[in-house]
Amino acid sequence: MAILKHIASKNANYGSAIDYLKYQHDEFHLVPVLDESGNMLLREEFYLDGLNCHPETFDLECELLNQQYHKNNTYDEIKSHHYIISHDPRDNADHDLTGERAQAIGLEYAKANFPGHQALVCTHTDGNNGTGNIHTHIIINSLRKSDIEPQTYTERPIDCKAGYGHSVHQVRSAPCG
């Protein structure tokens with residue numbers, strides 16, 4: 001069974017999200033792991049995709065959208081939302097869960113719940129502190145990039161319009177593996 005966790009971020013540095021997803025981090029000190037030359041080390045296995053953006057330029061694309069709509073300019077505004085779909089380590093054997101399958105589940109979930117948003121979807125297979133649990137990070141810009149058709153979970157007309165913020169109460173529960 002998967003667990004869904006949400007973190008709202010006021011950090012304006014969208015590039016730090018890309019770094020966290022791609023590079024190894026010391027989870028206790030929350031800093032990147034460096035090699036002997038001071039370079040960040042890539043994670044051994046990860047799957048990274050972008051929705052409504054290229055994953056390598058997510059940071060720049062989010063900043064440009066924020067500028068276009070004159071939003072996310074102040075410290076107190078939520079700049080992004082970080083969702084984590086964390087699978088039980090037993091799902092690997094009991095349900096043939098792999099990194100590729102978890103990534104596909106995460107992409108499907110992001111497309112269904114965050115239409116019109118710029119999003120990074122990244123699956124890690126290393127687990128927290130070596131637990132081995134496969135988990136998928138979904139990081140979205142708080143602003144919607146494009147208009148969408150009304151969904152079953154949208155409550156107000158602005159919930160479908162470009163340039164308006166993401167509403168956390170509209171997110172459905174975690175998908176199954």
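The values are calculated or read from the model by the stated rules, or taken from the named source; none is laboratory data. What you see is a predicted model; the values in this text were computed from it and never measured. Virtual Cβ from ideal backbone geometry, glycine too; neighbours counted across all protein chains shown. For accessibility, only protein heavy atoms count, side chains too; no ligands or nucleic acids. Shrake-Rupley method; radii C 1.70, N 1.55, O 1.52, S 1.80 Å.
Would you check if A102 is under 22 Å from K22 (Cβ atoms) and in contact (Cβ under 8 Å) with a residue 40 or more places away in the chain? So A102 fits the description; yes. Of the set (1) closer than 16 Å to D49 by Cβ; (2) among the polar types (S, T, N, Q); (3) in contact with a strand residue (DSSP E or B) (Cβ under 7 Å, 6 or more places away or on another chain), all apply to S86 but (1).
Only one entry of H87, H54 meets the criterion of being in contact with a Gly (Cβ under 8 Å, 6 or more places away or on another chain) and either closer than 23 Å to T98 by Cα or open to solvent by 70 Å² or more (accessible area, probe 1.4 Å) (or both), and that entry is H87.
Here D96 meets the list (1) open to solvent by 40 Å² or more (accessible area, probe 1.4 Å); (2) part of a loop (DSSP other than H, G, I, E, B); (3) under 19 Å from G15 (Cβ atoms) almost entirely, failing just condition (3). If you go through the range 64-76 one residue at a time, do you hit one that is within 22 Å of H25 (Cβ to Cβ) and open to solvent by 10 Å² or more (accessible area, probe 1.4 Å)? Looking through the range 64-76, none of the residues is within 22 Å of H25 (Cβ to Cβ) and open to solvent by 10 Å² or more (accessible area, probe 1.4 Å). Restricting attention to the range 9-44, and to residues there that are open to solvent by 70 Å² or more (accessible area, probe 1.4 Å) and modelled with pLDDT of 95 or more, which single residue is nearest to E100 (Cα to Cα)? Only one residue tops the list, namely L42. The residue that is surrounded by the most Cβ atoms within 10 Å (Cβ to Cβ), counting only those in the range 113-152 that are free of Cβ contacts under 8 Å to residues at least 60 places away in the same chain and β-branched (V, I, T), is I134. Could you figure out which of (1) more than 12 Å from the chain's Cα centre (by Cα); (2) at pLDDT 95 or above isn't true of N141? Only one criterion in (1) more than 12 Å from the chain's Cα centre (by Cα); (2) at pLDDT 95 or above is unmet by N141, namely (1).
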